[in-house]
Amino acid sequence: MAIFRTLRSSLSSRWWCLLLLTLTFATTKCFLPSNAILVEATDLDDQDINENLGVLTTAKHGQRQIDWVRSKGGFVHSSFEIRRVDPDDDSSRYGVFAKTDISKSELILSIPRECVIQPPMEFFEDWEICDTVEILAREMQRGKSSVYEPYVTYLKTQATRAGQLPTVWSDAGKSFLVFQLLGAPPQWIATTTTKGKTPSTAAANAVLLPPKNSIRAGSSCDERNEYERQAHMLTTQRSWDELLIPVWDMVSHRNGHWTNVAESYSVFDIGHPITVHATRDIRAGEELYMTYDHCPDCQGRSRNYGTPEILRDYGFVESLPQKWVLHDQQVSFTLDSPPPSSSSTEKNGNDDNHLVIKWHSKRPDVVTLEFLENQLTRLSKLNMNHRPTDIAVGEWEILVQYHAALSRALQYAVSDTRRAMEPSFGGGDNNSKYEQCRLDLETAQAQVQDALQMANVLLKQAQQFQEQAAKLHQKLMTLQQDTASVVA
């Protein structure tokens, strides 16, 4: 107490109040709600610190990014609102919503290239994701002085949130995923590292159920410090290959009829800002959704990428519709709810009793069906009601969600296959021939669609090269004219 009396006598009332506020915040920091996002004071301007005492919600972070993008000449629709899914529930997740009706094809976002974190334009042909990781890590270290400060400040709050990618889970969390949920054979024992026991890469690739390589996502980049480690995870989770796009990356993913916004053209069309438009009419109050695997730049992802890979690469279990690709069994299908109608369960899309399965491959044969049934039985014996003490809460929540989704998917696949095998259903040679024709047609249609998308990307790149060639030609002509003038 003597120290405080000495300080009080030597400081003006203004500085004394500031000191008390600082100490109060420091001592209560550990008791803030789990959904509060803490920001280092050095990363915010003085006005923000005074108004918010260093605490910003995701919504406020989003508004700072929106103001910043607009200040750089960008556009963000006036109906664009960042809030919790349930405004009355502080534990519900954040999303982007339409405050008013938005018409199909209406412009939603236009993000200037100077706001996008990406490698230098002059090295466009040699871009690599590790270049973006290095740039982001450098900007994170710069903090308030970063030219991307509003975006980087937000990203730093996301770098340490619970859960994240399985590749950065605890050893216990990784082991439960690989050996318990995915069924890696017992002989693939955990290897000993400096951190303890952790599943080996071989074990992660020997799993019986997807995703393969679940504990090692993305490219391998040198991580020389904590900033680069966090930047690597953030870039893996949030980037479009080598691009980190502010505001746009706050829109959630969901496929099917839920998807209602998309890039107007490839984000790699570097001659233009990144623009986003509405793909259908959007009603006031509706959440905005993009797609991670059916976008113009996704190419082959639409066929071989699904719910397991979303978990591996982005760290969450996607809502319906869910696509399941069992590569080793050559089985692929989508599980979805019927189109939304007036009922609340259908609007929510989570009524397990009325789901629809769509096969993208042949239905399982007898051997594969037995395999699926065995895996379903194995999963049903796992006790998911009690969290092991050595697995973090955030990790366990994801494990429980994935266990439920995987079990439900296998149950529908098994039930539908059994039903199709019954004579009363029309099983037999004729049904098999019809199904093969249908699958061949769908495959051909998907290949044509991929080819068209690729042709569109190549066409835009050709146009960019043509524009660059024209500029170089103009510079050459100007240089020749200047040289001629000097000689004359």
Exercise. Has the stretch 280-294 got any residue that is open to solvent by less than 10 Å² (accessible area, probe 1.4 Å) and outside any strand (DSSP E or B)?
Worked result: yes
Exercise. Of Arg229, Arg224, which residue is among the basic types (Lys, Arg), part of a helix (DSSP H, G or I) and surrounded by fewer than 19 Cβ atoms within 10 Å (Cβ to Cβ)?
Worked result: Arg229
Problem set entry | Cβ-Cβ under 8 Å pairs, at least 6 apart or on other chains, the stretch 463-488 side acidic (Asp, Glu), far side surrounded by 10 or more Cβ atoms within 10 Å (Cβ to Cβ) and modelled with pLDDT under 75 | none
For this session: Would you mind listing the helices (runs of 4 or more DSSP H) fully within the stretch 1-116 where at least 2 residues are modelled with pLDDT of 80 or more and open to solvent by 90 Å² or more (accessible area, probe 1.4 Å)?
Result: 58-71
Seminar exercise, completed: Scanning the stretch 384-427 residue by residue, the ones that are in contact (Cβ under 8 Å) with a residue 40 or more places away in the chain, surrounded by 12 or more Cβ atoms within 10 Å (Cβ to Cβ) and under 29 Å from the mean Cα position of the chain (by Cα) total 19
Problem set entry | Options Glu242, Glu309; residue that is open to solvent by 30 Å² or more (accessible area, probe 1.4 Å), closer than 25 Å to Gln164 by Cβ and charged (D, E, K, R) | Glu242
Problem set entry | All positions within the stretch 254-279 that are part of a strand (DSSP E or B), within 25 Å of Pro119 (Cα to Cα) and not polar (S, T, N, Q) | Ala262, Glu263, Ile274, Val276
Exercise. Does any residue in the stretch 320-334 that is under 19 Å from His253 (Cα atoms) come within less than 6 Å, Cβ to Cβ, of a residue that is of a type in the set (Asp, Glu) and surrounded by fewer than 20 Cβ atoms within 10 Å (Cβ to Cβ) six or more places away or on a different chain, and which pairs are these?
Worked result: Leu320/Asp336; Pro321/Asp336
For this session: Please work out if Trp324 is more than 23 Å from Gly73 (Cβ to Cβ), surrounded by fewer than 22 Cβ atoms within 10 Å (Cβ to Cβ) and more than 14 Å from the chain's Cα centre (by Cα).
Result: no
For this session: Just one of (1) open to solvent by 20 Å² or more (accessible area, probe 1.4 Å); (2) within 25 Å of Pro321 (Cα to Cα); (3) not hydrophobic (A, V, I, L, M, F, W, C) trips up Arg254, so point out which.
Result: (1)
Problem set entry | Residues being assigned to a loop (DSSP other than H, G, I, E, B) and either crowded, with 16+ Cβ neighbours inside 10 Å or polar (S, T, N, Q) (or both) - total across the stretch 363-383 | 3
Exercise. How many residues does the stretch 130-153 hold that are surrounded by fewer than 20 Cβ atoms within 10 Å (Cβ to Cβ), in contact (Cβ under 8 Å) with a residue 12 or more places away in the chain and touching a helix residue (DSSP H, G or I) at 6+ places or on another chain (Cβ under 6 Å)?
Worked result: 3
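The values are calculated or read from the model by the stated rules, or taken from the named source; none is laboratory data. Values in this document were obtained by computation on a predicted structure and should not be read as measured data. When we count neighbours, we look across all protein chains shown, and the Cβ atoms used for this are built from the backbone with ideal geometry, even at glycine. Side chains included, ligands, DNA and RNA excluded: accessible areas come from the protein's heavy atoms. Shrake-Rupley method; radii C 1.70, N 1.55, O 1.52, S 1.80 Å.
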